[in-house]
Each structure stands twice: as C-alpha cells, then as structure tokens.
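Worksheet: the structure to be examined is printed underneath.
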There are 2 protein chains.
Amino acid sequence: MNRFKITELGKNAFWLRGTERDHLVRVLRLTPGDKVLGYDNSGMEYTGVILKIEDKSVTCRIISSDHPDVEAHTSVFLVAGLSKGEKMEWVIQKGTELGMQGLLPLRTQRSVMQLEGSKALDRVARWQKIASEASKQSHRVREPQIGEVCDWRDLPEKLPAGTQWLIPYEEERTQRLASALNDFDPEYPIAILIGPEGGFEAAEVVRAREELGARSVSLGPRILRAETAALAALTLVLGYFGDI
Amino acid sequence: MNRFKITELGKNAFWLRGTERDHLVRVLRLTPGDKVLGYDNSGMEYTGVILKIEDKSVTCRIISSDHPDVEAHTSVFLVAGLSKGEKMEWVIQKGTELGMQGLLPLRTQRSVMQLEGSKALDRVARWQKIASEASKQSHRVREPQIGEVCDWRDLPEKLPAGTQWLIPYEEERTQRLASALNDFDPEYPIAILIGPEGGFEAAEVVRAREELGARSVSLGPRILRAETAALAALTLVLGYFGDI
C-alpha cells in the first residue's frame, strides 16, 4: 500500500495536500475506494480509503490506526561537520533509513563549505526534504529533524540533557567504538560527532572531550571518508543496542 | 607521506609507472629525495626515497619495509545484485574503505541493468579502478578484487570452500543478523548477498538457502535501499568480529 505524509488529521479522516496530493493523483493515479497508508510524524500510522479527490486536496476515511514498532528505540543523533553538498545529502538519506533521530550540521575548522544566513536556511530546508522522502521510503513514522547549521558553542543546548557524545577520531588508537558503548546508557540520547572532509582539528577533539565529555573512539585502522565514518558509526551504535 | 601503488618491485628499489608516475610528478610535484610509501597488494608497505624521475618511470630506493596491520582479519565478500551504475560504484568505494575482501556483481531477476560481453568487462575494469583508488585513500595494502559479472549458478565456485553465506531479506522477521553471526566462524570467509533495487525475488532467497546454505537475516524494521543494506551488513559483520 502506498504511504503518504498526512497534511491534516481529523478524528475519522485525514487529508493530503500539496505534493502528497499531486503524487497520489498524477503519479500513482489512485482513485476513490483505493486504500492508502498515512503517517503524521506522531509515531502513528493510519490505513485510509480515498473518499474524495479535489483540485487541492484528497480526503481519506480512516479505517484503522496502528503504532508500528519501526523506529529505533535508542535515540542517536549525527552531528556532521559541513561537507560538500552531495556527501551531506547522502549521509542524511542513508542515516534516515538506518534510523537516526536527527542530524545537526556543524561548522568546523576544516569545513570547505561555509553556510550563512538565508543560504544556510535554504540548505537545511532541502536537507529536511531529503530526510522526509527517505522516511517515507523506509517506512518510518517519525522523520528525523535536521537542525540549523550550528557552531561548537551551540552544541550543549542543541541536544537533550544527558546526551552521551562520541567522536570517532583517526588519531585515537586504543579505544574502539564497541568497547566505549559498554559505558553508554541506551535510555539517554547518543550523539556522534563526525568531521568534515579532512577530519577534525586536534583542538576540536580536545574541545569535544572537555566541553561535551565526548569519548573519542577508533573505527579501525582503515582511513574512512567522513560520510563513510558517519554511517559506519551510526550502524554500529544502532546495531549494538539491537536497533538494526 | 603520499602512497603509491608499486608497478615493479625489486630487491632494493621499486618503480612507479603510468598514472602513479604521472600523479607523483604532475599533481604532487615530488622531486628526487622526497619520501613516499609504496604498496604492491602483497600486504607489505615500503618506504622509499625518490632516486630518479624519468619520462615513463619513477625509481624509488627502498629504505624500510613494513607489514601494517590494516586489513580486516575476517574475510568478508559482498555479492551484489546489479544495480544502476552510481549505486554499485559507491558500494564498491565505501565497501573498500570499510574493509571488504572483494565484491561479486550478480545478475538477479530484478536487476534493471543487464551487463553482457565486453560491456560487462569494461564495467568491471572501471569498478576495479574505483576499488584501487579507495584502497589507496583508506591506506589498505591489499585491494579488494571485483569479480566478473556472474549468475546464481556460478556462485558456489566463485568463492572459497567453507564460505558462509548471509542473505539480508526484508521478509525475514525473526532472525537478526547479529544472532546469526553467533554461529559463524571468522576463520572462514563470509559472503553477504545483497539484492538489486527492489530486492530479491522470494525464489532467489529460497535458492540461496538451498544451494548455498545461506542464512536469511533481518536488518531491522526499516526498509533499507540496496546500497544502504550492503554497507550496513558489511559494517555489522566486520564490527561483530572486531574489524571496525
């Protein structure tokens, strides 16, 4: 059954508008009587029957609701150093499929791409769209939120109190990710700090340790690109706590 | 220090030719006396000093040799259903960084892209080049080998005897990857079968179970794209055996 993001949810019906309505009508060519799935980012999923198709709206009668166990139970955030557009985009797409809770784009010393002002807002909106599309495709019922582009000093208040920080770092030789996770509590959020292309400056790793209490960890002896490290670390953390 | 793939290895010297020679001379503009690292896919790594730069060759005197512990100890292969060019290319690039031993492109029932004859050979050569470049970038000393495009019937003899087969499958509800790995022996190769876009046909999963003794496993409740599943499964297997 096709899945749609609900524009408006009522007691016995939901409505699809904008691109969701157009996709249903023009691309999938569904008609009244067809069944669809709708989700509203609350964690619920609704099975509906198309009642009425109008120029700007599709009305669906709700015939059942469900709370599918599809979201990760551990809440894992990626904090990703600004990298060239395409790499960030696929970290967001794949990270969403894998089950990240959200992503914060971070300005770092080696970030080639610098985003400011309205350009930054536009880019975040585009990244959110990628996360929304990947959520639909992967059958998630809560879209990851892409935060505003931020700086190191903003990080402490950007994530919930009690967040546990990890920073994969190629100069870290001893501490492996898996052994660090022994000390982590899956009841509290976990944030993974990932450098831009070229990685973090040593001073940034020190800052993460001192100001965020981050654990620096090794992802092994092979040098991983930033985007590969992001998805490998996310996979290992979610896998460690049984979420993949 | 810059790393180069050795064209010819002697007792006390190695030679770089072709693109390696050109990259050293034209891009990096190194000169006699500069130190470089060379590897020859044997697992060894050599530190050399540039002795002589000629039109078609660079001669380096070996000043030390090393056997770096950079390769994964568990030998993990990806067997990937043919997918559109770009997806296969990044599975090869990222899979190489993560530490796969090799990749076999597999013709599957839902493979949109069908490669035959010389077109298939050209594509495999291009994929091997991507694996070579990613090996250099990730500091590997053995490049993963990209096999010829093959069919299901070819698989048993394509990989060593004793290979243990895994097939992530979205219809598999009970068996998680991690629990299946309890029964796997890291001393023997592990092959991960990954579908094309759209996944495997049920009949292909049955065939993998019956003819290869493959264990079908779940990667969790979220639907992963083929390329995401490939890298997540590779990461989990290498991570499980301490190789990431």
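Quick notes on this one:
- Residue list for the range A:64-81, restricted to those being farther than 30 Å from A:ARG107 by Cβ and either in contact with a His (Cβ under 7 Å, 6 or more places away or on another chain) or part of a strand (DSSP E or B) (or both): A:SER64, A:SER65, A:ASP66, A:VAL70
- Single match in A:ALA191, A:ALA178, A:ALA203 (criterion: of a type in the set (Gly, Ala, Ser), within 14 Å of chain B (Cβ to nearest Cβ) and closer than 21 Å to A:ALA229 by Cα): A:ALA178
- Filtered by the rule that a residue be within 12 Å of chain A (Cβ to nearest Cβ) and not charged (D, E, K, R), the range B:75-91 gives B:TRP90, B:VAL91.
- Single residue of B:GLN114, B:GLN93 found to be part of a loop (DSSP other than H, G, I, E, B) and either closer than 20 Å to B:GLU133 by Cβ or open to solvent by 30 Å² or more (accessible area, probe 1.4 Å) (or both): B:GLN114
- Where a residue in the range A:33-60 is on the phi > 0 side of the Ramachandran plot and its partner, wherever it lies, is part of a strand (DSSP E or B) and open to solvent by 50 Å² or more (accessible area, probe 1.4 Å), with Cβ under 8 Å and at least six apart: A:ASN41/A:LYS5
- Residue within the range B:42-49 that is of a type outside the set (Ser, Thr, Tyr), out of contact with any strand residue (DSSP E or B) (no Cβ under 7 Å at 6 or more places or on another chain) and closer than 23 Å to B:ILE244 by Cβ present: yes
- Selection within the range B:206-244 - more than 12 Å from every other protein chain (Cβ to nearest Cβ), out of contact with any strand residue (DSSP E or B) (no Cβ under 6 Å at 6 or more places or on another chain) and hydrophobic (A, V, I, L, M, F, W, C): B:VAL206
- Restricting attention to the range A:67-90, the residues that are open to solvent by less than 30 Å² (accessible area, probe 1.4 Å) and under 15 Å from A:LEU115 (Cα atoms) total 6.
- Restricting attention to the range A:33-80, the residues that are of a type in the set (Lys, Arg) and in contact with a Lys or Arg (Cβ under 8 Å, 6 or more places away or on another chain) total 1.
The values are calculated or read from the model by the stated rules, or taken from the named source; none is laboratory data. Everything quoted here is computed from the prediction, not taken from an experiment. No Cβ is skipped: glycine too gets one built from the backbone with ideal geometry, and neighbour counts run over all protein chains shown. All accessible areas refer to the heavy atoms of the entire protein, side chains included, with ligands and DNA or RNA removed. Shrake-Rupley method; radii C 1.70, N 1.55, O 1.52, S 1.80 Å.
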